[in-house]
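K.L.:
Handing you a structure now.
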Amino acid sequence: MRRFLIGCLLLLTLVAACAPGGAPRAPDGTLLRKIQDRGKMIAGVKFDQPTFGYRNPQTQQLEGFDVAVAHEVAAYLFGDASKVEFKEAQSKDRIPFLKDGTVDVVLATMTINDERLKDVDFSVVYYVAGQRLLVSKGSSITGIADTGGKKVGTVRSSTSATNLAKFAGVEIVLFDAYADAVKALAANQVDAVSTDDTILYGFVYQNPELQVVGAQFSYEPYGASVQKNQPALLNAVNTVVKNLKTSGKWQTIWKNEIGDKLRILTIPNPPADDWHKQVLAR
Ligand code: GLU
């Protein structure tokens, strides 16, 4: 009887210590605890980037790789993938939204780099892209070497803008959202749009008059970002990303959100957790 009672007590303690999902209840005063008490996570995602973060005008539903990862985090935290509220976070909003608590997590094609690590923390790498150019079919631009004296559209507070600035002679035209840059390209107001190839391919999928040209001229390893000094939250996000990669679910998400839409049959392997350290330190 005594053993039975002790057993019951242990079980109750364990149940009380765990949130309804897989994450243990976080210590008082932490952001993860606040999220658990609120009963939903707030994720900053893009709304205008097909295949990564996109509000489908037909269904009004958000879709894309980043959106799917956010649902996985919610499933881990609450045992319910729907317990996530999405807020649009354009590139310029990502760090301010984390700092002022507008969002708990940013999953928005965000490249991990030292500059940003001063302001926010990043999960392990969950995707790797590279910067390229988007042009109208028939354009004389075939790569970055052809962009001298040309107007190239990109987005504020993006690594794409910083990378383009390294090429002398490019006339950079800044927008808030990539979809606006693509509209300007369609209206011949810019000669090209440049950002991560992953994002550009999503726009080609929507607009077959456009094409991606030239070789990659940067590495863009993506991480989910969170406020600094929130190790419990960062650990939870890392657990989810690592599980996606080891379970094969990463490939399922890739196929559903990217492969099927872009009609790419070969499913890639997920990147190493420390891809950025291995490759960028070379
Ligand atoms: N990955 C780049 C960045 O984080 C460009 C894409 C974007 O702006 O979302 O700045």
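Bear in mind these aren't lab numbers, they're just calculated from the coordinates by the rules spelled out. These numbers come from a predicted model, not from an experiment. Heads up, the Cβs are rebuilt from the backbone with ideal geometry, glycines too, and the neighbour counts pull from every protein chain shown.
K.L.:
Quick one: what do you get for the range 93-183 if you divide its Cα Rg by 2.2 N^0.38 Å?
P.N.:
Cα Rg divided by the expected 2.2 N^0.38 Å: 1.24.
K.L.:
Now a separate question. Students often check this: by mean Cβ neighbours within 10 Å, which of 125-138, 208-221, 83-96 ranks highest, and how do the rest follow? Each step should come with its number before you reach the end.
P.N.:
On the way: 125-138: 21.3, 208-221: 16.9, 83-96: 19.6.
The densest-packed peptide leads the list: 125-138, 83-96, 208-221.
K.L.:
Straight-line reach from LYS183: which lysines fall under 20 Å, measuring Cα to Cα and dropping same-chain residues less than 8 apart?
P.N.:
Answer for LYS183, where 20 Å is the Cα cut-off: LYS46, LYS92, LYS137, LYS150, LYS151, listed by chain and number.
K.L.:
Of all the Cα-Cα pairs you can form in the chain, what percent are over 27 Å apart? Numbers along the way, then the final one.
P.N.:
Working: 16723 of 39621 pairs.
Every Cα pair in the chain considered, those over 27 Å come to 42 percent.
K.L.:
Related question: Helix 2-17 sits at what angle to the longest principal axis of the chain, using alpha carbons and giving 0 to 90 degrees rounded to 10?
P.N.:
Value to nearest ten degrees: 30.
K.L.:
Can you tell me the relative contact order of the range 70-229? Whole percent, Cα pairs under 8 Å, sequence separation 6 or more.
P.N.:
Taking the mean separation of contacting Cα pairs over the length of the range 70-229, I get 35 percent.
K.L.:
Then there's this: Where does the range 133-226 land on Rg/Rh, using Cα atoms and the Kirkwood Rh?
P.N.:
Values: Rg = 12.3 Å, Rh = 13.2 Å.
Expressed as Rg/Rh, it is 0.93.
K.L.:
Rounded to whole Hz and in sequence order, give me ³J(HN,Hα) for the range 229-245 from the Karplus expression 6.51 cos²θ - 1.76 cosθ + 1.60, θ = phi - 60°, writing x for Gly and Pro.
P.N.:
6, 10, x, 5, 5, 4, 4, 4, 5, 4, 4, 5, 4, 5, 4, 4, 6
K.L.:
For ILE172, what residues show an amide H to amide H distance below 5 Å, using hydrogens built from the backbone and excluding near sequence neighbours?
P.N.:
Sorted by chain and number, the residues that satisfy this are VAL152.
K.L.:
Net charge near ALA232: determine it from the other residues with C-beta under 10 Å of the C-beta of ALA232, scoring Lys and Arg +1 and Asp and Glu -1.
P.N.:
It works out to a net charge of +2.
K.L.:
OK, next. Would you mind checking which residues have amide H under 5 Å from MET41's amide H? H placed 1.01 Å from N; only 5 or more apart, or other chain.
P.N.:
For MET41, whose amide H was placed from the backbone, the distant partners under 5 Å are VAL84, GLU85.
K.L.:
I would also like to ask the following. Taking 20 Å as the cut-off for C-alpha to C-alpha distance, list the pairs among LYS34/LYS83; LYS245/LYS277; LYS34/LYS87 that go past it.
P.N.:
Where the Cα-Cα span goes over 20 Å, no listed pair is concerned, since all stay within it.
K.L.:
Taking other Cβ within 10 Å of each residue's Cβ, how do TYR205, TYR222 sort, fewest first? It would help to have the intermediate numbers written out before the result.
P.N.:
Details: TYR205 15, TYR222 27.
Taking fewest neighbouring Cβ atoms as first place, the list is TYR205, TYR222.
K.L.:
Something else: Which angle from 0 to 90°, rounded to the nearest 10, does the C-alpha axis of helix 65-78 make with the longest principal axis of the chain?
P.N.:
Long axis of 65-78 versus the principal axis of the chain: about 10 degrees.
K.L.:
Suppose only helical runs count, i.e. DSSP H with n ≥ 4. What mean residue ellipticity at 222 nm does that imply for the chain under -39500 (n - 2.57) per run, divided by all residues and rounded to the nearest 500 deg cm²/dmol?
P.N.:
Taking each H run of at least 4 residues, the total per residue is -10500 deg cm²/dmol.
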